[in-house]
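Visitor: What follows is a single structure, and I will ask about it in a moment.
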Amino acid sequence: MSQWSHIGGVLEQILRELGLFDQITETKIFADWEGIVGKYFAQMCQPVRFEPEDGELWIKALAPEWRQEFFSVRESLIGRINEKLGAKIVKKIRIV
């Protein structure tokens, strides 16, 4: 384990103990949405809510016709989000 990995793990543990990890994760998702999902998806949807206790991210499709597209790419989107976050944080996506 590298020194930075160890420091990152310790920092994550401290943030979890303080009850701040989930808030920081949600803020990261909302603030860097385009960087996480890419410009194409960012133009079609927006995150509206994250429920850390069950890992459910609520996404609003900005047009009704895009809602169906999200159902077909939901799993790959979860993978992309978690890859950018560096951990398996998002387990489900609800499209509203």
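The values are calculated or read from the model by the stated rules, or taken from the named source; none is laboratory data. Source: prediction; values computed, not measured. No Cβ is skipped: glycine too gets one built from the backbone with ideal geometry, and neighbour counts run over all protein chains shown.
Visitor: Filter the stretch 62-73 for residues that are closer than 10 Å to Arg94 by Cα and surrounded by fewer than 16 Cβ atoms within 10 Å (Cβ to Cβ) and give the result.
Guide: Start the filter on the stretch 62-73 by keeping residues that are closer than 10 Å to Arg94 by Cα, which leaves 70-71.
Scanning the stretch 62-73 gives a single hit, Phe71.
Visitor: Would you please list the contacts, defined by Cβ atoms under 6 Å and residues six or more apart or on different chains, that run from a residue in the stretch 78-96 that is part of a helix (DSSP H, G or I) to a residue that is surrounded by fewer than 16 Cβ atoms within 10 Å (Cβ to Cβ) and of a type outside the set (A, V, I, L, M)?
Guide: If the second residue must be surrounded by fewer than 16 Cβ atoms within 10 Å (Cβ to Cβ) and of a type outside the set (A, V, I, L, M), the pairs left are Asn82/Lys88.
Visitor: So, of the residues in the stretch 27-61 that are small (Gly, Ala, Ser) and outside any strand (DSSP E or B), which turns out to be nearest to Lys88 (Cα to Cα)?
Guide: Applying the first criterion (small (Gly, Ala, Ser)) to the stretch 27-61 yields 31, 35, 38, 42, 55, 61.
Adding the requirement that they be outside any strand (DSSP E or B) leaves 31, 35, 38, 42, 55.
Details: Ala31: 18, Gly35: 17, Gly38: 19, Ala42: 21, Gly55: 9 Å.
The selected residue is Gly55.
Visitor: Are any residues in the stretch 46-58 among the hydrophobic types (A, V, I, L, M, F, W, C) and under 10 Å from the mean Cα position of the chain (by Cα), and if so, which ones? Steps first, answer last, please.
Guide: Filtering the stretch 46-58 down to residues among the hydrophobic types (A, V, I, L, M, F, W, C) leaves 48, 50, 57-58.
Phe50, Leu57, Trp58, listed by residue number.
Visitor: Can you tell me which residue is farthest from Ile81 (Cα to Cα) among those in the stretch 11-32 that are out of contact with any Pro (no Cβ under 6 Å at 6 or more places or on another chain) and either surrounded by 14 or more Cβ atoms within 10 Å (Cβ to Cβ) or modelled with pLDDT of 90 or more (or both)? Steps first, answer last, please.
Guide: Looking only at the stretch 11-32, we keep the residues that are out of contact with any Pro (no Cβ under 6 Å at 6 or more places or on another chain), and these are 11-21, 23-28, 31-32.
Now restrict to residues that are either surrounded by 14 or more Cβ atoms within 10 Å (Cβ to Cβ) or modelled with pLDDT of 90 or more (or both): 12, 15, 21, 25-26, 28.
Working: Glu12: 18, Leu15: 20, Phe21: 16, Thr25: 11, Glu26: 12, Lys28: 11 Å.
Ranking the qualifying residues of the stretch 11-32, first place goes to Leu15.
Visitor: Moving to a separate point now. Do the conditions hold for Glu53, that is, is it of a type in the set (Asp, Glu) and either touching a Gly at 6+ places or on another chain (Cβ under 8 Å) or surrounded by 12 or more Cβ atoms within 10 Å (Cβ to Cβ) (or both)?
Guide: Numbers: of a type in the set (Asp, Glu): yes; either touching a Gly at 6+ places or on another chain (Cβ under 8 Å) or surrounded by 12 or more Cβ atoms within 10 Å (Cβ to Cβ) (or both): no.
No.
Visitor: Inside the stretch 80-96, can you point out the residues that are under 15 Å from Trp33 (Cα atoms), out of contact with any Ser or Thr (no Cβ under 7 Å at 6 or more places or on another chain) and surrounded by 13 or more Cβ atoms within 10 Å (Cβ to Cβ)?
Guide: Correct list: Arg80, Ile81, Asn82, Lys84, Val90, Ile93.
Visitor: So, in the stretch 59-83, how many residues would count as being under 12 Å from the mean Cα position of the chain (by Cα) and hydrophobic (A, V, I, L, M, F, W, C)?
Guide: The qualifying residues number 4.
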